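Beneath this line is the structure, given in structure tokens, with notes to follow.
The values are calculated or read from the model by the stated rules, or taken from the named source; none is laboratory data. Just so we're clear, the structure is a prediction, and the values are computed from it rather than from any experiment. Glycine also receives a Cβ, built like all others from the backbone with ideal geometry; neighbour counts cover every protein chain displayed.
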Amino acid sequence: MPHRNAPLTELGRLRLARCVVDDRWPLRRAAERFQVSATTASRWADRYRSLGPAGMTDRSSRPHRSPARTPTRTERRIIKVRVLRRWGPARIAYLLGLNPATVHRVLRRYKLARLVHLDRATGRVIRRYEHDAPGDLVHVDIKKLGNIPDGGGHRVLGRRAGARHRTRTPGKALDRNGNSHVGYSYLHNAVDDHSRLAYSEILADEKKETAVAFWRRARQLFTTNGIAVKQVLTDNGSCYKSHLWRQTLLDASIIHKQTKPYRPQTNGKVERFNRTLLDEWAYARAYRSETERRDAFTGWLHTYNHHRGHTALGGDPPASRVTNLSGQYT
């Protein structure tokens, strides 16, 4: 298809060619009449003589021969390494002694899926999905997080000084404020599949009683904001396989779904939330105590739900998909 500033369309080319061939106009006169060069007029006239009206269409500008193109045998080796090992262009180039740009061009030429779109375990293209309405599916997961000793860890004090603050008895030492922040905490997270609205709490353990109590508070938040939860997806953690957890969901008429063993990708939305949480809150700056980091958590979660643009939502925050969400305009 000709570009928008082209002086000749296919019909214009045909008219020019007929003026030259059928009406025997001089090339220069025809070129001036159709505001093109004499060379252009000659090209379309020659095509009309040999092919008729069918010759007025655009042809591919691809060359008939490409002497410098990567040999077919080398291309096959590149594809074989990519399929079997699922490596990127740089690693494949190092293995085969090629330029990474060459490997990248070959992968693009054969339209191989990008690594971020592949399941690393199977090599299959990841099938992405999104439920139609809030509450159709809620992803639930727990993220274990090391606490920051009072005075700061190795990010603040350096490796040698930070190592002295470690303990082999998590949860038994107290910081100077009297809080048991040495050891680990557990982030219990619930993310709505459709809106990506997240509810999260920092709790002391991942026992079944703790997980059930968290879910009741999370469901209350979703219900308050008009989200009726129909299904919950979790991994195969012991707390989620307990009778207490299953009965709690059953009493609320909620379907419990579990991921396949060793397949965290199935619960990918909450796994991605875990990563965002670590990058933008937990490790976003050098906190000097666990209390300081926890004080920043509530504000970060509000920003995530109400103000932070989400790429899967076209740059809008999760609150944009939930009607009348509390605090939406603050």
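Under the condition of being touching a strand residue (DSSP E or B) at 6+ places or on another chain (Cβ under 6 Å) and not hydrophobic (A, V, I, L, M, F, W, C), the residues counted in region 206-232 number 3.
When region 182-221 is limited to residues that are over 27 Å from the mean Cα position of the chain (by Cα) and buried (at least 20 other Cβ atoms within 10 Å of the Cβ), the one that is nearest to residue 143 (Cα to Cα) turns out to be 185.
Here is a yes/no grid of residues against (1) among the aliphatic types (A, V, I, L, M); (2) in contact with a Gly (Cβ under 8 Å, 6 or more places away or on another chain); (3) loosely packed, with under 14 Cβ neighbours inside 10 Å; (4) at pLDDT below 90:
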| residue | (1), (2), (3), (4) |
| --- | --- |
| 71 | no, no, yes, no |
| 108 | no, no, yes, no |
| 114 | no, no, yes, yes |
| 119 | no, no, yes, yes |
| 138 | yes, no, no, no |
| 150 | no, no, no, yes |
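Restricting region 222-234 to residues that are surrounded by fewer than 16 Cβ atoms within 10 Å (Cβ to Cβ) and of a type in the set (Val, Ile, Thr) leaves a set whose member that is farthest from residue 136 (Cα to Cα) is 224. Being surrounded by fewer than 15 Cβ atoms within 10 Å (Cβ to Cβ), in contact with a helix residue (DSSP H, G or I) (Cβ under 9 Å, 6 or more places away or on another chain) and part of a loop (DSSP other than H, G, I, E, B) is true for just one of 53, 63, 67, 7. Which residue is that? Of 53, 63, 67, 7, the one residue that is surrounded by fewer than 15 Cβ atoms within 10 Å (Cβ to Cβ), in contact with a helix residue (DSSP H, G or I) (Cβ under 9 Å, 6 or more places away or on another chain) and part of a loop (DSSP other than H, G, I, E, B) is 7. What are the residues in region 222-260 that are without any contact (Cβ under 8 Å) to a residue 40 or more places away in the chain and of a type in the set (Asp, Glu), if any? Within region 222-260, just 251 meets the criteria. Taken over region 258-278, the criterion of being in contact with a strand residue (DSSP E or B) (Cβ under 6 Å, 6 or more places away or on another chain) and either exposed (fewer than 14 other Cβ atoms within 10 Å of the Cβ) or of a type in the set (A, V, I, L, M) (or both) is satisfied by 270 alone. Could you tell me whether residue 124 is among the basic types (Lys, Arg), surrounded by 14 or more Cβ atoms within 10 Å (Cβ to Cβ) and either in the same structural domain as residue 244 (by TED's automatic domain parsing) or modelled with pLDDT under 95 (or both)? Here the answer is no, as residue 124 does not meet what is asked.
Considering only region 186-298, give the helices (runs of 4 or more DSSP H) lying wholly within it that have at least 3 residues that are modelled with pLDDT of 95 or more and over 20 Å from residue 319 (Cα atoms).
Because the criterion is at least 3 residues that are modelled with pLDDT of 95 or more and over 20 Å from residue 319 (Cα atoms), the helices (runs of 4 or more DSSP H) in region 186-298 that meet it are 208-224, 243-251.
Here residue 91 meets the list (1) assigned to a loop (DSSP other than H, G, I, E, B); (2) under 34 Å from the mean Cα position of the chain (by Cα) almost entirely, failing just condition (1).
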